[in-house]
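The values are calculated or read from the model by the stated rules, or taken from the named source; none is laboratory data. Keep in mind that this is a model prediction, so the values were computed, not measured. Heads up, the Cβs are rebuilt from the backbone with ideal geometry, glycines too, and the neighbour counts pull from every protein chain shown. Just so you know, the surface numbers come from the protein's heavy atoms only, side chains and all, with ligands and any DNA or RNA stripped out. Shrake-Rupley method; radii C 1.70, N 1.55, O 1.52, S 1.80 Å.
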Amino acid sequence: MYSVCFVCTGNICRSPMAEAVFRARVEEAGLDDLVTTSSAGTGSWHVGDPADPRTSAALGAA
């Protein structure tokens, strides 16, 4: 089992986007039973906030 955590400063833009893209690729490769993913921030000022709207829009457009 592998675990991958993507980290950025606030965990509302870069790291959740990287996690979503990576998770999709893992699932496409049929490895979702071997790889877990997560994202985190180095600061706590965005704890509990949803993803930045620009991040959500970019992921929705893909």
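By its C-alpha gyration tensor, with a ≥ b ≥ c as the square roots of the eigenvalues, how is segment 18-57 shaped: rounded for a/c under 1.5, else prolate for a/b larger than b/c, else oblate? Oblate, because a/c is 1.5 or more while a/b does not exceed b/c. Oblate is the label for segment 1-42, because a/c, from the alpha-carbon gyration tensor with a ≥ b ≥ c as root eigenvalues, is 1.5 or above and a/b does not exceed b/c.
Calculate what fraction, in whole %, of the accessible area of the chain sits on carbon and sulfur atoms when a 1.4 Å probe is rolled over the protein chains. In the chain, the share of accessible area belonging to carbon and sulfur is 59 percent.
Ranking LEU31, PRO53, VAL4 by Cα position along the charge dipole of the chain, where only Lys, Arg, Asp and Glu carry charges on their C-beta atoms, puts PRO53 farthest toward the positive end. Looking at segment 1-59, the chymotrypsin sites (Phe, Trp or Tyr not before Pro) that sit in a DSSP loop and have at most 10 other Cβ atoms within 10 Å of their own Cβ are TRP45.
With protein chains left intact and a 1.4 Å probe, residues in the chain average 68 Å² of accessible area per residue. This model, with +1 at the C-beta of Lys and Arg and -1 at the C-beta of Asp and Glu, gives the chain a dipole about its Cα centre of some 220 debye.
For PHE6, the residues 5 or more places off, or on other chains, whose built amide H falls under 5 Å of its own are SER38, SER39, ALA40.
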